[in-house]
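Each remark here refers to the structure printed beneath this line.
The values are calculated or read from the model by the stated rules, or taken from the named source; none is laboratory data. Quick caveat: nothing in here was measured; it's all calculated off a predicted structure. Neighbour counts run over all protein chains shown; Cβ positions are idealised from the backbone, glycine included. Accessible surface areas use protein heavy atoms only, side chains included; no ligands, DNA or RNA. Shrake-Rupley method; radii C 1.70, N 1.55, O 1.52, S 1.80 Å.
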Amino acid sequence: MKAIVYTEYGSPDVLQLKDVEKPTPKDNEVLIKIHAASVNAYDWHFLTADIFLIRLMGGGLLKPKNTRLGADIAGRVEAVGRNVKQFQPDDEVFGDIGHGGFAEYACAPESRLALKPANLSFEEAAAVPMAALTALQGLRDEGQIHPGQKVLINGASGGVGTFAVQIAKLFGAEVTAVCSPRNLDQARSIGADHIIDYTKENFTQNGQQYDLIFAANGYHPLSAYKRALTPKGIYVMAGGSKAQIFQAMLLASWMSKTGGKKMGGVSAKIDQKDLVIIKELLEAGKVVPVIDRRYLLSEAAEALRYLGEGHARGKVVITVEHSSKT
Ligand SMILES: NC(=O)c1ccc[n+]([C@@H]2O[C@H](COP(=O)([O-])OP(=O)(O)OC[C@H]3O[C@@H](n4cnc5c(N)ncnc54)[C@H](OP(=O)(O)O)[C@@H]3O)[C@@H](O)[C@H]2O)c1
C-alpha cells in the first residue's frame, strides 16, 4: 500500500510517498481503509521536532522513532482483531489514531474510533477528531464553562479555534473570537457574538474581562491573559507560539496560587465517549467542520507546508485515493 514515510526530522521535503506493507490488526485493533485524513500541528511537531520535548518524550532523540504521520482519519473498517467488540467490516469510522493515518490503510485500537457521523463525508469527518476533542475538553473540563459566561477564544480561525467558538456557543456562552481581518466573516458565520481583529486591537489591554479565555493560538504574556480575566476567571492554553506554550507549562500553576484566577492548559485525550458526543453534535448539525484546503495523499508535503505557515482557516484535509489493487 502507499504511505507517507519520513526517516529524519526536517521540513516537509523529507516526506516520501512509499510502498509499504499493508498492516495486520492485532487482537484489539481495527484495520481501516482510509479515505481521508486531516493535518494537525501535532503532525508538524513530529515532522520538524520544532518543540525539543518531542524528542525527549518518545519521538526519538536524533531521528523519528515512528516513521509515519497522520492522527486524524476517516475510513471504512476492512477487518477486525478477535477481541474487537464495537466494530465490524464495512462500518464507516473516524477517529484519532496517533500516527500512520497518511496512508491507504492503518490499524488502530477500537477505543480511538467512533462510527462516522452519517451526514458527513469522509473528508469532513477526518477534519474533526483532534481539534474538536481539544476544544471540548479544554472548555468543558479545564475551563468549566457554563451558560451566560463571557468566553474569549484567541486564535479562533484555525482548526481548534473554529470548533472552540461553536462548542462555547453550545454551552450558552457569550463568545468573543480573536482573529485577523481576513477571518472576521468566518468567525461570525460560526456563531461568534463579538469579534476582535488582533491587528487592530489587543484584547488584553482594552479593559474588558472574561470568565474564560481559551488560547488556541497566538501569543500574549501569561500576566496579560491573567489581567483580562474576571476575579474568578479561568485561562486555558491549548497551543500557540512556543513562548505561549512554555509560559503556561512553567508558570501557570504558580500564577494560580494567588488570587481567585486559575491559569492552566489542556492536553487533549482520545476519549471515545467524547468522540461520540462530538459525533452526535455533528449529526444534529450543531457543530460543523470548517475546511480550508484539500490535498491528495501524494501532496501531503504541500498540506503540511501550508499548515506550517500558521494561517490555515479551519482544517486542512487529505483525500486518500486507492489504487485498484488495494
Ligand atoms: N493541547 C492540546 O492537546 C492540543 C491539541 C491540538 C492542537 N494543539 C495546539 O493548538 C494550537 C492550534 O492548533 P490548530 O489546529 O488550531 O492550528 P492551526 O489550524 O494551524 O491554526 C491556524 C490559525 O491560527 C491563527 N493565528 C495565527 N497567529 C495568530 C495570532 N497571533 N493570534 C490569533 N490567531 C492566530 C490563524 O489565523 P490568522 O490567519 O487570522 O492569523 C489561523 O487561522 C497549535 O499550537 C497546536 O499544537 C494542542
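Miscellaneous remarks
- Exceeding the 24 Å Cα-Cα cut-off - candidates Lys169/Lys279; Lys26/Lys65; Lys200/Lys261; Lys33/Lys63; Lys85/Lys116: Lys200/Lys261; Lys33/Lys63
- Potential lengthening between Met249 and His322 on full extension [0.36 nm per residue; Cα-Cα distance subtracted]: 22.1 nm
- Partner lysines whose Cα lies under 25 Å from the Cα of Lys257, excluding those fewer than 8 positions away in the same chain, are identified as Lys150, Lys226, Lys232, Lys242.
- Measuring nothing but alpha carbons in the stretch 138-197 and taking Rh as the Kirkwood radius, the Rg to Rh ratio lands at 0.94.
- The alpha carbons of the stretch 82-156 stretch over 47, 26, 24 Å along the principal axes, in descending order.
- 3J(HN,Hα) along the stretch 264-269: x, x, 10, 10, 5, 10 Hz, from the Karplus curve 6.51 cos²θ - 1.76 cosθ + 1.60 with θ = phi - 60°, whole Hz, x for Gly and Pro.
- Stretchable slack from Ser223 to Lys242, in nm (0.36 nm times residue separation minus alpha-carbon distance): 5.2 nm
- Here the alpha carbons of the stretch 90-132 define both size measures, Rg and Dmax, at 10.0, 26 Å.
- Over the chain: helical MRE at 222 nm, DSSP H runs n ≥ 4 each giving -39500 (n - 2.57), nearest 500: -7000 deg cm²/dmol
- The alpha-carbon of Lys18 sits under 13 angstrom from the alpha-carbons of these aspartates and glutamates, leaving out residues fewer than 8 places away in its chain: Glu104, Glu299.
- Surface accessible to a 1.4 Å probe, per residue, for the residues of the chain, Å²: 44
- Mean-position separation - Cα centroids, the stretch 223-278 and the stretch 95-164, in angstrom: 18
- Whole-Hz couplings from phi, Karplus 6.51/-1.76/1.60, listed for the stretch 63-73; x for Gly and Pro: 9, x, 6, 9, 8, 10, 10, x, 9, 7, 9
- Around the amide H of Leu296, modelled in the peptide plane, lie the amide H atoms of Thr319, all under 5 Å away and 5 or more residues distant in sequence or on another chain.
- Enclosed volume per residue, in Å³, of the convex hull spanned by Cα atoms of the chain: 128
- When the alpha-carbon atoms of the stretch 15-144 are used, the pair Rg, Dmax equals 15.2, 46 angstrom.
- When the Cα gyration tensor is reduced to axis lengths a ≥ b ≥ c, the ratio a/c is 1.5 or higher for the stretch 268-316, and with a/b above b/c it is classed as prolate.
- Most fluctuating residue given options Gln244, Gln166, Gln144, as computed from a GNM of the chain linking Cα atoms under 10 Å: Gln144
- Cβ-derived FRET efficiency at R0 25 Å, Leu296 paired with Asp141, nearest 0.05: 0.10
- With N as its number of residues, the stretch 209-299 has a Cα radius of gyration that, divided by 2.2 N^0.38 Å, comes to 1.37.
- Amide H partners (placed H, <5 Å) of Gly100, local residues excluded: Leu69, Gly70
- Per residue Cα convex hull volume in Å³ - calculated over the stretch 136-271: 99
- For the chain, with all protein chains in place and a probe radius of 1.4 Å, 52% of the accessible heavy-atom surface sits on carbon or sulfur.
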